[in-house]
Amino acid sequence: TAPTLSLDASFTLVPAEAEETSRVWVSARVADDINVRSVDFFIDGARVAEDGAFPFEHRFTTPALSATRTSFTIQARATDTGGNTRSTPVVTVKLLPDRTPAALVGSDPVPMSILSNIVRRVTATFDEPLANPPAADALGIVSAGPDQKFGTADDAPVAGSVRLGAPNELVLDPTAAPLSNGKYQAIATTSLKDRAGNALKSPISWTRSEEHTSELQSRGLISY
């Protein structure tokens, strides 16, 4: 007996449509009278992934919308331990213009890092390509100052230059690198835009504590 199988996705399937250049997933709702061995996923007819464990899914970036590219297709094929297979119908997904701002998915240093004074740059990684060149104030660093508290009179911006390190990665190189010891906050501002021109709806900030003491080193608490 072949498995039962249907598709689910992070985008709508009725009607089937997804924004261009967005990170999405498709998964298989699959069951079998004995055991499911694996699920293969196909995009535009090409086998792109095999998943041998629940939740049987594949994550990918949708294609860019263009005059010659207005859609893509998805399909899944399940195989049980007896070698029986079943495939879903081919689903044609309409591509929509990108209207969603980029989302922060990682940073370096990570939030609340305790570091020796070795920080020569701050990076923010997003889920899609960013505008190139980025705005000069798309990413900033603020020092908490001597009182080590944010939102007080001694807070001070850190001078630096902003660039792309990769299509999805924003980099700020402090003019005076490495950063001196202290507490810092990184801020991605509403000047940050993705490649389609969508700007962040509100700033995104995260904090790093930079400390360098013999006590921290002796306790092995210095992280890089």
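Find which of TRP25, ALA144, LEU170 sits farthest along the positive direction of the dipole of the chain, computed with +1 on the beta-carbon of Lys and Arg, -1 on that of Asp and Glu, about the Cα centre.
About the Cα centre, the residue reaching furthest to the positive side is LEU170.
Just subtract the alpha-carbon distance of ASP154 and ILE118 from 0.36 nm times their residue separation and send over the number in nm, one decimal.
10.7 nm
Treating only the Cβ of Lys, Arg, Asp and Glu as charged (+1, +1, -1, -1), what charge dipole size does the chain show about its Cα centre? Round to the nearest 20 debye.
With Lys and Arg at +1 and Asp and Glu at -1, about 240 debye.
Which of ASN198, VAL105, ALA76 sits closest to the plus end of the dipole of the chain, meaning its Cα is farthest towards the positive end, when Lys and Arg get +1 and Asp and Glu get -1 on the C-beta?
So the residue we want is ASN198.
Please give the FRET efficiency for ASN84 paired with ARG23, using the beta carbon to beta carbon distance and R0 = 41 Å, rounded to the nearest 0.05. Provide the component values of the computation, followed by the final result.
Numbers: r = 33 Å, r/R0 = 0.80.
Plugging the Cβ-Cβ distance into 1/(1 + (r/R0)^6) gives 0.80.
Using alpha-carbon positions, what is the distance between the centroids of the stretch 111-132 and the stretch 57-102, in Å?
32
Expressed as a whole percentage, what fraction of the accessible surface of the stretch 1-107 belongs to carbon and sulfur atoms when a 1.4 Å probe is rolled over the protein heavy atoms?
51
Given an 8 Å cut-off on Cα distances and at least 6 residues of separation, report the relative contact order of the chain as a percent.
Relative contact order comes out at 18 percent.
Can you bin the stretch 36-122 into rounded, prolate or oblate? Criterion: square roots of the alpha carbon gyration tensor eigenvalues sorted a ≥ b ≥ c, rounded for a/c under 1.5, prolate for a/b above b/c, oblate for the rest.
Oblate is the answer for the stretch 36-122, as a/c is 1.5 or above yet b/c matches or exceeds a/b.
Calculate the FRET efficiency for ASP8 and ASP108 from the Cβ-Cβ distance with a Förster distance of 35 Å, rounded to the nearest 0.05.
0.55
What distance in nm separates the two pseudo spin-label positions at ARG47 and THR1, each 7 Å out from Cα along the beta-carbon direction?
Placing both labels 7 Å beyond Cα along the Cβ direction yields 2.6 nm.
Note the per residue figure in Å³ for the convex hull of the C-alpha positions in the stretch 141-202.
94
In straight Cα distance, which aspartates and glutamates are under 17 Å from LYS201, not counting same-chain residues fewer than 8 positions off?
Output for LYS201: ASP98, ASP127, GLU128, ASP137.
So what is the accessible area of the chain per residue, in Å², with the probe set to 1.4 Å?
Counting only protein heavy atoms, the per-residue value for the chain is 53 Å².
Explain nothing, just the number: dipole magnitude of the stretch 94-204 about its Cα centre with +1 on each Lys and Arg Cβ and -1 on each Asp and Glu Cβ, in debye rounded to the nearest 20.
Charge dipole of the stretch 94-204: 200 debye, to the nearest 20.
At R0 = 41 Å, how high is the FRET efficiency between ALA177 and ALA64 if r is their beta carbon distance? Nearest 0.05 is fine. All intermediate terms of the calculation are to be shown ahead of the outcome.
Details: r = 35 Å, r/R0 = 0.86.
Approximately 0.70, to the nearest 0.05.
Hey, could you get me the Stokes-Einstein D for the stretch 36-181, Kirkwood radius over alpha-carbon pairs, 37 °C and 0.692 mPa s, rounded to whole µm² s⁻¹?
It diffuses with D of about 169 µm²/s by this estimate.
The values are calculated or read from the model by the stated rules, or taken from the named source; none is laboratory data. Treat the numbers as computed from the prediction; the structure is a model and nothing was measured. Ideal geometry is used to build each Cβ from the backbone, glycine not excepted, and the neighbour counts take in all protein chains shown. Surface areas here come from the heavy atoms of the whole protein model, side chains and all, with no ligands, DNA or RNA. Shrake-Rupley method; radii C 1.70, N 1.55, O 1.52, S 1.80 Å.
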